[in-house]
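The values are calculated or read from the model by the stated rules, or taken from the named source; none is laboratory data. Only a predicted model underlies this, so the values are computations on that prediction, with no experimental measurement involved. Virtual Cβ from ideal backbone geometry, glycine too; neighbours counted across all protein chains shown.
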Amino acid sequence: MMSIFNIFDPSTNTILSLNWISLYFPVLFISLNFWIIPSRWNNIWTSLFNFLNNELNVILKKKIYKINFISLFTMIMLINFMGLFSFIFTASSHMSMNLSLALPMWMSFMIIGWTFNTNHMLTHQVPQGTPNVLMPFMVMIEFISNIIRPGTLSIRLTANMIAGHLLLTLISNNGNNLMFIFMMILVISQTLLMMLELSVAMIQSYVFTILLSLYSQEI
């Protein structure tokens, strides 16, 4: 029996990992009407972008920063959505991709902050009102919590993508041996789970983007 985690295996053969091509699928499936004339898809994206813009207005002030985070949100969300289709590799279920998004951005925040705003970064190491005895311990705790931020971002996105896909796979593997009534119940439950996964795909991309924007605010 093959391991159930084989559904997350990125390699198709010993030479190339062709499954990573799924990262480019969202661009191919976007209709030309989205780019040329106003349409329903265009209205949906516009309302979504307006919502994100209002959320980021509280955190970020410059427009160019908001555009970058909205682009990041769009990319992660489309990749999560594509992973819900049958026989399409879920790239966001791998730490190698999620870390490649979180780590460079976190490193850039740290380099810019400690280079150009050192005093402000140092004040974040000790919360206001901390007793003098606890200051060394608070500096250690804040330093460790800052270091593990890219890891927690990546693990959160990876774990949520893997958990939903595994649940869908485990339930669907038992469908061939069920009676008709139980099979109908299985189809209904799978449909509800798919709706849940659609919302998780959007929520996790939103959480990833908002947390990164909050980290950038500290510098």
Can you say whether K66 is out of contact with any Lys or Arg (no Cβ under 7 Å at 6 or more places or on another chain), within 17 Å of I219 (Cα to Cα) and loosely packed, with under 13 Cβ neighbours inside 10 Å, as far as the supplied structure shows? no
Taking N43 as meeting all but one of (1) part of a helix (DSSP H, G or I); (2) modelled with pLDDT under 75; (3) loosely packed, with under 11 Cβ neighbours inside 10 Å, write down the number of the exception. (2)
Has the stretch 135-143 got at least one residue that is under 26 Å from V207 (Cβ atoms), modelled with pLDDT of 85 or more, among the hydrophobic types (A, V, I, L, M, F, W, C) and surrounded by fewer than 14 Cβ atoms within 10 Å (Cβ to Cβ)? yes
If I ask for residues that are under 30 Å from F89 (Cα atoms) and either among the polar types (S, T, N, Q) or modelled with pLDDT under 85 (or both), which ones from the stretch 51-76 would you list? K66, I67, N68, S71, T74
Within the group I219, I155, which residue is outside any helix (DSSP H, G or I), surrounded by 13 or more Cβ atoms within 10 Å (Cβ to Cβ) and either among the acidic types (D, E) or in contact (Cβ under 8 Å) with a residue 60 or more places away in the chain (or both)? I219
What is the one condition in (1) in contact with a helix residue (DSSP H, G or I) (Cβ under 9 Å, 6 or more places away or on another chain); (2) touching a residue at least 24 places away in the same chain (Cβ under 8 Å); (3) surrounded by fewer than 16 Cβ atoms within 10 Å (Cβ to Cβ); (4) not small (G, A, S) that L214 does not satisfy? (1)
Could you check the stretch 96-113 and list, in sequence order, the residues that are of a type outside the set (S, T, Y) and over 11 Å from the mean Cα position of the chain (by Cα)? L103, P104, M105, W106, M107, F109, M110, I111, I112, G113
Being crowded, with 18+ Cβ neighbours inside 10 Å and more than 12 Å from the chain's Cα centre (by Cα) is the filter here, so list the residues in the stretch 71-89 that pass it. M82, G83, F89
